[in-house]
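Note sheet for the following structure.
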Amino acid sequence: MTETTKISASPRRRFALWQGAAALSTLALVPLATGAMASVDASTQAEIARFMDVYLEVKANYVEPVSDDKLIEGAINGMLASLDPHSGYLDARGYSSLRTQTEGEYGGLGLSVTMEDGVVKVIAPMADTPADRAGIKAGDYITHIGGQLIFGMTLDEAVEQMKGRPGTKIDITVVREGRDKPMELSLTREIIDLKPVKWEVKGDVGVLTVASFSADATTDLKAAMLAVEKSLGKKPRGWILDLRSNPGGLLDEAVGISDLFLERGEIVSQRGRKKGDTERYFAEPGDVAQGAPVVVLIDSGSASASEIVAGALQDQHRALVMGERSFGKGSVQTVLPLTDTTALRLTTARYYTPSGRSVQEGGIAPDIRVPQLSDPDYASRPKFRESDLRRHLINEKKVDDGLLEKDEKADPRFTETPEQLKAKGIDDYQLYYALQTIGRINPAPRMAQGTKPPAAKPTQRN
C-alpha cells in the first residue's frame, strides 16, 4: 500500500504515508440529531433529508430485510469513495491491517495492490517475497483466487483472501497486458516480515535497500550504514539508496531517512486547505554519509514516502536520482480513529519538495533515466501510476507536457538485451549502472607504481 498518512487519536498520532495502493472503501456520518441539523445551512439540510428519504425507502421496500449497520456503512463507504483513491473508512479488519503494515508482520504474498474496475491491480511486489519470486509485476491484474472470480469484491475482501497461515498454498490467476493467456500461479504464503532495510557491499560501495518506511526504518538504515563501514573497514566510496518498488510508509521515517544524508535545509512541506495548515520539516546538522556521493534508485513503484526522500535529496543537490519516473502520489492522509477498532482515513493535505514542487500526478523525474534492461518484460509491460487512478487529485500546476513522451522515448545508450546482460553476469541493470556512476563520480585512487591492489572483498549482505 502506498499513502502519505498521519493518524489522529485525540491528540492526532502521525501514522503512515502508504501509496494510493489500497483505496479502501469509506463512510460518512449523517447528523440526525436536532442540534446537529440546526448547525448546517438549509441546502445541506435538504441534502440530508434526501438521503433519509432514500434510506427509509430502502429500509421499507427492499426485497430482503437490511440492517441499519449495513445501510449506514454502505453510505459511508460510498461517500468516501467519491472523493479520491486514498480516502476511506477502515473497519476493524482494515484498521488492524494498517497497523500491521506499519508495525508488524503477517502471513501473505507480499503485494501492494489497488482496486480498478472491480479487479485487483498490482502496484508492486515487495522484494524477496512469494509474489516477487513468482514473477508478478507492477500492472498485473489478479482475477481469481483459489479458482474463484474476485470481480466485485471489495479490496479488503480480496486482500484478506490472499493473507493466511504461513506455509499454506494459494492459487491465483494473473492477467498481464500483452500476454495472450492468463498465468495460473501457485504460491505459498510466508511471513511477510516488514524489516524495512537490507544492505550489501558491492566492491567498495554501500548498497542500502529500503523496502518500506515502517517503524524504526531510520534507525535500521543508520545501523546498516555502520555495518557497511565495518564490513569494508573504511568509509565507502559512495552509497546507493534503492527505493524501487517501495510503496511508502511513515512520514516521520521519510523525514528521518532524508536527514541521514543532509546537513541542513528543508526536507518536505505539507499544505492543507487552510493557510495555517502548512507544516515544514527540516534536516538537523550531521550528514551520516559525510558527503560521500549518493545515487537514489527509483521506479514507477516508488511512491509517497519514497518520493519525499528522492525529492528532498534531489532538490538539495545531495544525490543523483536514477531509474524511472516515480509513482506520483503527493497527498497526505490523516487517520482519524472513530472507535477503538475503526477509523476514517481522509486526504487532508498535499506535500511538496524543498523547491516547492508537488509530485502529485507527475512524480519525481530522475536526473538520469535508466531503463531496467535486465527485465525481459520491461519494454512491453505498461507502467501504472497515480495518474491512472480514477478520481486522483489533479496537480495544481500542470505536469510537463513532455514528461510522458520522455518516458517512452528510446535512449540510444541503452540497447542491450536481457540475454546479452545475463551473459555478462548483470541481472540488475539499473543497479549496475548506478555502481558505474558512483565509480565515475568518485573514482578509486590510482595505485603507486609497483604497488599491488588490495584483495577484493566478496559481496556481502545483511
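The table below lists the values:
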| read-out | value |
| --- | --- |
| Long-range HN-HN contacts of L262 with modeled amide H, under 5 Å | V288 |
| Full-stretch length increase - E416, I368 - with 0.36 nm per residue and alpha-carbon distance subtracted | 15.5 nm |
| Computed FRET value (nearest 0.05) for E263 with T154, which takes r as the C-beta separation and R₀ as 56 Å | 0.75 |
| Per-pair calculated FRET efficiency, R0 = 45 Å: K222 and K275 via Cβ, rounded to 0.05 | 0.80 |
| Pairwise label distance in nanometres, E57 with D128, each label 7 Å out on the Cα-Cβ vector | 5.8 nm |
| Gain in span if fully extended, T342 to R440, counting 0.36 nm per residue against the direct Cα distance | 30.0 nm |
| Convex hull of the range 259-317 built on C-alpha atoms - directionally averaged projected area, nm² | 4.8 nm² |
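None of the figures in this text is laboratory data; all of them are computed from the coordinates on show. Predicted model only: the values in this text are computed from it and were never measured. Cβ atoms come from the backbone with ideal geometry, glycine included; neighbour counts cover every protein chain shown.
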